[in-house]
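Okay, structure first, notes after.
A short reminder: the numbers here are calculations on the coordinates, not readings from a lab. Being a predicted model, the structure only gives us computed values, none of them experimental. Quick reminder, even Gly has a Cβ in these numbers, built from the backbone with ideal geometry, and neighbours come from all protein chains shown.
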Amino acid sequence: MKATAKAHTNIALIKYWGKRDEEKILPMNNSLSLTLDGFYTTTTVTFKEELEEDSFVLNEQVVTGEAFNRVTNFLNLIRQLAGKSDLYANVYSLNAVPTAAGFASSASGFAALAAAATRAIGLNVNEQELSKITRQGSGSACRSIYGGFSEWVKGEETDGSDSYAVPIVPADYWDVRVAAVVLNAEEKGISSRVGMKRTVDTSVFYQGWLDSVSNDLQAIKIGIQERDFEKVGQIAEANCLKMHATTLGANPPFTYWQDTTLNIMQTVQKMRETGIPVYFTIDAGPNVKVLYLPEHEELVEQTLKQADGVTDVILSRAGGGIAYL
Ligand code: PMV
């Protein structure tokens, strides 16, 4: 009862920001992302009759506490689906995600865990089912089942049965690249879970965010189909800014940005003024991801590396979906 799976992380171009159900992880809005080949997790799950509890080893270190609880709670769900409630597992994961703060990826982690655990326990699930299961470990992870661009459809049902990701175009449809800019910044103080909840509950800008998402989504999907980089980049950057604006309208207000974050945003905008099409997006932390086309790779990498506060720049292409090894 053993299986190994590999999943890549993804970067949202239309953000998931806010839950309508905390426990089932059901989102307020649809979101859309690009799966990245440079950041992935490989996980082996081994269920054994003789085990009396689960164990979780990540990058050769035994994991305990909150991170371990998230894994066992997620395995409980899979045990329940398989009707095998007293079957425990050893979980062994390797994160090929650069060690810098803010890049530990729950998206690739939960997608790889869901794929390996369902297969190891003998559940026969299709990709849609797998995406739904993965969603309950970490919301954004449900999009990592697919390569290239994918959309998480929020669904309407209260049981979450229609909330899962769908593929838009595969990785080889369009060679869009992403530079992950690692900043000399402190670890984020407010997790995405806490940040989005506070925003939904208190931000005077939250309704404005919700009202604007479907237009962004419709337009970016056309941009992707047409391989219109400027259109896709403009929509992604503006969507990111709107998401982050909601945090300033929350009570108490907060932001994920640091001075170095703003510096990279300005560096990107200045490059654009010189005619290079580059756009940024930022998740629930200080680090910045920059979208660019292959012909500008050298210039983008050099410019970002020279910017103040940059520790590292990691280049990535579009990545594939779940793979079983
Ligand atoms: O799924 P979580 O809890 O890691 O939340 C992700 C939220 C954002 O990264 C900010 C946006 C997104 O869609 O990935």
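For the stretch 1-56, what does the alpha-carbon gyration tensor say about shape, rounded, prolate or oblate, given a ≥ b ≥ c as the root eigenvalues, a/c under 1.5 as rounded, and a/b over b/c as prolate? Judged from the Cα gyration tensor, the stretch 1-56 comes out oblate (a/c at least 1.5, b/c at or above a/b).
Explain nothing, just the number: dipole magnitude of the stretch 172-325 about its Cα centre with +1 on each Lys and Arg Cβ and -1 on each Asp and Glu Cβ, in debye rounded to the nearest 20. Don't jump to the answer; show the numbers that get you there.
Numbers: 14 positive and 20 negative charges, 90 e Å.
With Lys and Arg at +1 and Asp and Glu at -1, about 440 debye.
Computed over all pairs of different Cα atoms, the Kirkwood value for the hydrodynamic radius of the stretch 217-285 is 13.2 Å. In terms of its C-alpha gyration tensor, the stretch 186-315 has an oblate overall shape, because the principal axis ratio a/c (a ≥ b ≥ c, square roots of the eigenvalues) is not below 1.5 and a/b does not outweigh b/c.
May I ask for the percentage of alpha-carbon pairs in the stretch 154-219 that lie more than 17 Å from each other? The share of Cα pairs beyond 17 Å in the stretch 154-219 comes to 73 percent.
In which sequence would C240, C142 go, from the one with the fewest C-beta neighbours within 10 Å to the one with the most? Intermediate results must be reported in sequence, preceding the final value.
Numbers: C240 22, C142 33.
Going from sparsest to densest Cβ surroundings: C240, C142.
Once Rh for the stretch 74-166 is found with the Kirkwood sum over Cα pairs, what is the Stokes-Einstein diffusion coefficient at 20 °C and 1.002 mPa s, in µm²/s?
Details: Rh = 13.9 Å.
Rounded, D is 154 µm²/s.
Extension gain, R317 to V204, is 37.0 nm, computed as 0.36 nm per intervening residue step minus the present C-alpha separation.
As a length-normalised measure over Cα pairs under 8 Å and 6 or more apart, the relative contact order of the chain settles at 25 percent. With the convex hull drawn over the C-alpha atoms of the chain, the volume per residue is 127 Å³.
Dipole of the chain computed with +1 at Lys/Arg Cβ and -1 at Asp/Glu Cβ about the Cα centre; of S161, L325, L81, farthest Cα towards the positive end is S161.
Footprinting exposure proxy ranking of S212, S161, S192, S85, fewest other C-beta atoms within 10 angstrom first, gives S85, S161, S212, S192. Which distance in Å, rounded to a whole number, links the C-alpha centroids of the stretch 31-96 and the stretch 211-272? Spelled out, the Cα-based centre of one part sits 33 Å from the other. Counting beta carbons within 10 Å around each of Y16, Y256, Y324 and listing the fewest first gives the order Y324, Y256, Y16.
Sorted from longest to shortest, the spans of the Cα atoms of the stretch 159-262 along the three principal axes equal 42, 40, 23 Å.
In this structure, Y173 and E52 have a Cβ-Cβ separation that, at R0 = 56 Å, corresponds to a calculated FRET efficiency of about 0.75. In the chain, taking the dipole from charged Cβ atoms about the Cα centre, the farthest positive-side position among I235, C142, W209 is held by W209.
In the chain, the DSSP-assigned H stretches of four residues or longer account for a calculated mean residue ellipticity at 222 nm of -12000 deg cm²/dmol, using -39500 (n - 2.57) per stretch and the full residue count as denominator. The three principal axes of the Cα atoms in the stretch 1-98 give end-to-end lengths of 45, 31, 24 Å, sorted in falling order.
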